[in-house]
1. Mind checking which residues of the range 23-49 are at pLDDT below 95 and buried (at least 18 other Cβ atoms within 10 Å of the Cβ)?
2. Do you know which residues across the range 13-35 are out of contact with any Lys or Arg (no Cβ under 6 Å at 6 or more places or on another chain) and of a type in the set (A, V, I, L, M)?
3. Name the single residue, out of those in the range 123-138 being surrounded by fewer than 19 Cβ atoms within 10 Å (Cβ to Cβ) and either part of a strand (DSSP E or B) or touching a Phe, Trp or Tyr at 6+ places or on another chain (Cβ under 6 Å) (or both), that is modelled with the highest pLDDT.
4. Which of (1) modelled with pLDDT under 95; (2) on the phi < 0 side of the Ramachandran plot; (3) not in a strand (DSSP E or B) is the odd one out, the single condition Val120 does not satisfy?
5. Would you tally the residues in the range 145-164 being among the hydrophobic types (A, V, I, L, M, F, W, C) and touching a Ser or Thr at 6+ places or on another chain (Cβ under 6 Å)?
6. Applying the selection to the range 184-218, what residues are of a type in the set (A, V, I, L, M, F, W, C), at pLDDT 55 or above and over 17 Å from His90 (Cβ atoms)?
7. For the range 81-91, check the following and say yes or no: at least one residue is modelled with pLDDT of 95 or more, under 14 Å from the mean Cα position of the chain (by Cα), surrounded by fewer than 22 Cβ atoms within 10 Å (Cβ to Cβ) and assigned to a strand (DSSP E or B).
8. Can you report the number of residues in the range 22-48 which are farther than 19 Å from Gly142 by Cβ and β-branched (Val, Ile, Thr)?
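The values are calculated or read from the model by the stated rules, or taken from the named source; none is laboratory data. Since the structure is predicted, the reported quantities are computational estimates derived from the model, not experimental observations. So basically every Cβ, Gly included, is an ideal-geometry build from the backbone, and we count neighbours across all protein chains shown.
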Amino acid sequence: MRSDLFVPDHQEMTTQDRFALQSKKMLKVTLGPDVLSRKGAMVAFQGQVSFNHEGSGSLGKFMKRALTSEDTPLMRVSGEGEVFFADSAHSIFLVNLEGDGMSVNGSSLLAFDAELSWDVHRTKGVGMMSGGLFNTLIQGQGTVALTSDGEPMILDCSQQPTFVDPQSAVCWSANLTPDVVSSMNVKSLLRGGSGEAMQYSFHGQGFVVVQPSEGPVVPPHSHGSGG
């Protein structure tokens, strides 16, 4: 059998790295220690592997996860073998934490070493019942795999205030605490608005990673009238 499909670019790559990108859009993790990943992110695996729901770990963490639509249900991946992860053909990049940490937009979290600590944090400037403005703080020693809808860009927040659409912020330095601000004035609100009502505001020593997308577009729909 012959096909362009069988060129080396499409074959599994052998590497000693535990987290290894097979391409810009496919991640292979070699098990040993457990891995936590977003539910539904596994696309294939080889070997003896089990997948189990990962609980919140504490009542406080459970309550914060329950109140946010940004929450990403996690699964614990255990066993012996290799597991392949991907998300809607988004670009994947790896961050190696070395005793430090970072904050991650939940929709961009793909997988990370289970030994890393994590917690859900609410962004200042919005109420607890305002969905979608939460992030996951990940800290410790290990690797985190993140996704970006397109090639990501890094912005330095130390020189001047930096404003980012909440759906476009992938991750940022753990020491940065964003506020939520609105750039919409009363006049523009009365005219129907610009569609850019709120932004994350960053300012301090650190960075924010931005994707060239505001997330999936929900198609408009209408409810048919009965009777």
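1. Arg38, the sole residue that qualifies.
2. Keep residues of the range 13-35 that are out of contact with any Lys or Arg (no Cβ under 6 Å at 6 or more places or on another chain), which gives 13-19, 21, 23-29, 31-33, 35.
Once the filter is applied, which keeps residues that are out of contact with any Lys or Arg (no Cβ under 6 Å at 6 or more places or on another chain) and of a type in the set (A, V, I, L, M), the range 13-35 yields Met13, Leu21, Met26, Leu27, Val29, Leu31, Val35.
3. Narrowing the range 123-138 to residues surrounded by fewer than 19 Cβ atoms within 10 Å (Cβ to Cβ): 124-132, 137.
Adding the requirement that they be either part of a strand (DSSP E or B) or touching a Phe, Trp or Tyr at 6+ places or on another chain (Cβ under 6 Å) (or both) leaves 124, 137.
Values: Lys124: 64, Leu137: 94.
Checking each candidate, the answer is Leu137.
4. Tallying (1) modelled with pLDDT under 95; (2) on the phi < 0 side of the Ramachandran plot; (3) not in a strand (DSSP E or B), Val120 fails exactly one: (3).
5. Total satisfying the criteria: 3.
6. Initially, the range 184-218 is screened for residues of a type in the set (A, V, I, L, M, F, W, C), giving 184, 186, 189-190, 197-198, 202, 207-210, 217-218.
Okay, now just the ones that are also at pLDDT 55 or above, so 184, 197-198, 202, 207-210, 217.
Met184, Ala197, Met198, Phe202, Phe207, Val208, listed by residue number.
7. Taking every residue of the range 81-91 in turn, at least one turns out to be modelled with pLDDT of 95 or more, under 14 Å from the mean Cα position of the chain (by Cα), surrounded by fewer than 22 Cβ atoms within 10 Å (Cβ to Cβ) and assigned to a strand (DSSP E or B).
8. 1
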